[in-house]
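Report on the structure given below.
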Amino acid sequence: MYIRILVSALLLGISGLVVHVSGPLNKDPIKAGYEISQKANGLHGYIGYSSPRRPDGFGAGIGFYTAVWPLVERPLAGFQIGLPGNWIIPDNPDNTDIPCCPEGTIARTWEPRGPTWASVFQTQEGGLGYWRGNRYHYGPPKFSMNGVPNCYNSEIASPGWPFFYRAEALPEDELGIAQLSNRIVVPPDGITFVEDLDGKFLGYTHMMLPLTEKRDGPPPTGDQSWTLFLNAANFKGPVAYYIPEMWSRLSKDYPVIEGMGLDAREGTMGGGGAMEINTVPSFEMETADGELFIKIPQLQFPVDAQGRSVLVQDVTYYSKDALFNPVKKWKNGGKAVSGAFSEAHSWKPDISPRKISLDQGAQLNAGGTQLGALETVVETTVNEVNAFGLQWQDNPYADKGLFPQYFKQQGEQRIPITEEEVPAELRASTFAGAETEEQYINWRDGNEIVPGNFRIDKDLPYSTPESGAWTNPGPVSEAYSIDLKDGSTLTYKWYRFIDQPSFQQFDWSREEKEALQQLVEKIHESWTIDKTYMAPPTAGELVAIDPALILTPPAGMEVGYVPIVVRQERKMNASKKAKMSPLADL
């Protein structure tokens, strides 16, 4: 991830653009003058916590509650930061020499990750954040799944699309996420929330379910369907899952890794979780006498009465007895399962804070200038109920909850300074809004391994083909459309669960399809969105998902059918929407 982040910053960057030249700054005409340039790498690093290795057997589910808040006052161009999340990777502790990534994959070129490349082989990541690939912006963060099945050659983020790097749906043989819920629809641009969310929490867990059986192959495929469960004020339960074949298909032409993917192995969280600070714009002002001042966007955090920002709580690992094994018995004729995660089969680690380590100006994983004196402003902490967050200090730079916005180069570090210490010209420099970005350039652009156009016109809608898996067997309804809080219109159709596009690439028998369909019908009947799955948060309120995304199935499709997005675009006008479908406003 670390290498990928900095390559992203370079490829997406606007480094070195001179935007203002003027003067003087002092009375000495020889030293008069300054230069302000805009950079793409104004802040990089992680704000996170450590977790000890889980006990054996507790890698069948990993979840927690994370704070949801507007990190910036308005979405900005050239800005990408993930709110606290995790990276779940397949746990292969005995592998010390087998390269998990074959030659010809992007991650295999990242030599520091060798000799096994285990940390960049397969991941479940995503979460809450602001991403440069978003087309539709509204202020708060969004939530997106994201699975990496093949050493970062591709990323799969919804039942149709990758992690923002193309407008068209993925080719059929690259689809990998299946819609499971019949009560929430998953936008390719991310799940939106109501705007009254400051300091509220979203719970999410990646939990194994035994939805399909093991297959001998080729390639051999395990029976672990990693399923996203959400816990919000107005939605609780499973949303979608990574199809096991998504993980095993890399081994078809590289059999040395058979059985080492997330379809067959338990998961591990890689030592903890963090905010991933990826691409942040900045203005740098160098004066004629060599002083360097830096301005970054104002980052804001929720703060409680103790001057703390509680960011992550209730980190929990689960064994297969928490849900996987009970569902397997239910599937095979046993008693019905409520879907609640068994607390008796969970493990809650004692987490510990990692020291904040941030830099500016990093180039290709090297050369960044470390930020100093941050401990006088804010430090990471774990409170008395084992929740991770930030402790804000009384300081001259900003109010509590506001990360320093201005810095000055001092020796080998850049230290925070007050606004009054900054030249007026730099203070007046403003960052462009996200709506000004006409093009998104994915970090893969320019690589020699994965072909494709990773430069996207942001006005292009997310679209699907009018043939193939999207139409055969095809949907059972006309199109419905809803307007989301991010200013987009989402169009979806109802499919019988087993007929959704992601499954049509597989040569499954009729009996296998019907077995899966019947299990999902049981889930739809029993696992309603008002029940308890994750235990409630230790403290705080739950955030509400955009109500437009919470659906009621049409009459006759209450069980066994799921909503599949076929298009997302900037908000339609009323006349266009009315012509699109007689069901559009139901």
Surface accessible to a 1.4 Å probe, per residue, for the residues of the stretch 349-452, Å²: 51 Å²
For the stretch 363-437 versus the stretch 178-228, the gap between their alpha-carbon centres in whole angstrom: 35 Å
Go through Lys236/Lys295; Lys320/Lys485; Lys348/Lys531; Lys295/Lys458; Lys328/Lys348 and tell me which ones have a Cα-Cα distance over 32 Å in this structure. Lys236/Lys295; Lys320/Lys485
Given charges at beta-carbon only (K, R positive; D, E negative), |dipole| of the stretch 434-568 in Debye: 260 debye
Treating only Lys and Arg (+1) and Asp and Glu (-1) as charged, each at its beta carbon, one finds that the chain has a dipole about its Cα centre, in Debye to the nearest 20, of 820 debye
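For the chain, calculate the relative contact order in percent as a whole number, restricting contacts to Cα pairs under 8 Å that are 6 or more residues apart.
About 22 percent, as a whole number.
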Is there a quick way to get the dipole size of the stretch 360-492? I mean about its Cα centre, with the Cβ of Lys and Arg at +1 and of Asp and Glu at -1; what is the value in debye to the nearest 20? 260 debye
So what are the ³J(HN,Hα) numbers for the stretch 46-63, from phi and the Karplus equation (6.51, -1.76, 1.60; θ = phi - 60°), rounded to whole Hz, Gly and Pro as x? 9, 10, x, 10, 9, 9, x, 4, 5, x, 4, x, 10, x, 9, x, 9, x
Give the long-range amide H neighbours of Gly433: residues separated by 5 or more places, or on another chain, with amide H under 5 Å away, using H modelled in the peptide plane at 1.01 Å from N. Ala77
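Note down the relative contact order for the stretch 286-413 as a percent, whole number, built from C-alpha pairs under 8 angstrom at least six residues apart.
35 percent
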Taking protein heavy atoms only, a 1.4 Å probe, and rounding to whole percent, the accessible area of the chain owed to carbon and sulfur comes out at 48 percent
Å² per residue, accessible surface of the stretch 194-293 at 1.4 Å: 29 Å²
Per residue, how many Å² of accessible area does the stretch 30-71 show with a 1.4 Å probe? 28 Å²
Any idea what the relative contact order of the stretch 302-357 is, in percent, if you count C-alpha pairs under 8 Å spaced at least 6 apart? 36 percent
Two pseudo-spin positions, 7 Å from Cα along C-beta at Ala432 and at Glu384, lie apart in nanometres by 5.0 nm
Return the label of the correct value of Kirkwood radius over Cα pairs in Å, as calculated from the structure shown, out of [x] 29.1; [y] 24.9; [z] 27.2. [y]
Place +1 on the Cβ of every Lys and Arg and -1 on the Cβ of every Asp and Glu in the chain, take the dipole about the Cα centre, and give the residue among Val337, Met275, Tyr49 whose Cα lies farthest towards its positive end. Val337
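The values are calculated or read from the model by the stated rules, or taken from the named source; none is laboratory data. Since this is a predicted model, take the numbers as computed values, not measurements. Virtual Cβ from ideal backbone geometry, glycine too; neighbours counted across all protein chains shown. When the accessible area is computed, the model is the full protein with side chains, heavy atoms only, and any ligands, DNA or RNA have been set aside. Shrake-Rupley method; radii C 1.70, N 1.55, O 1.52, S 1.80 Å.
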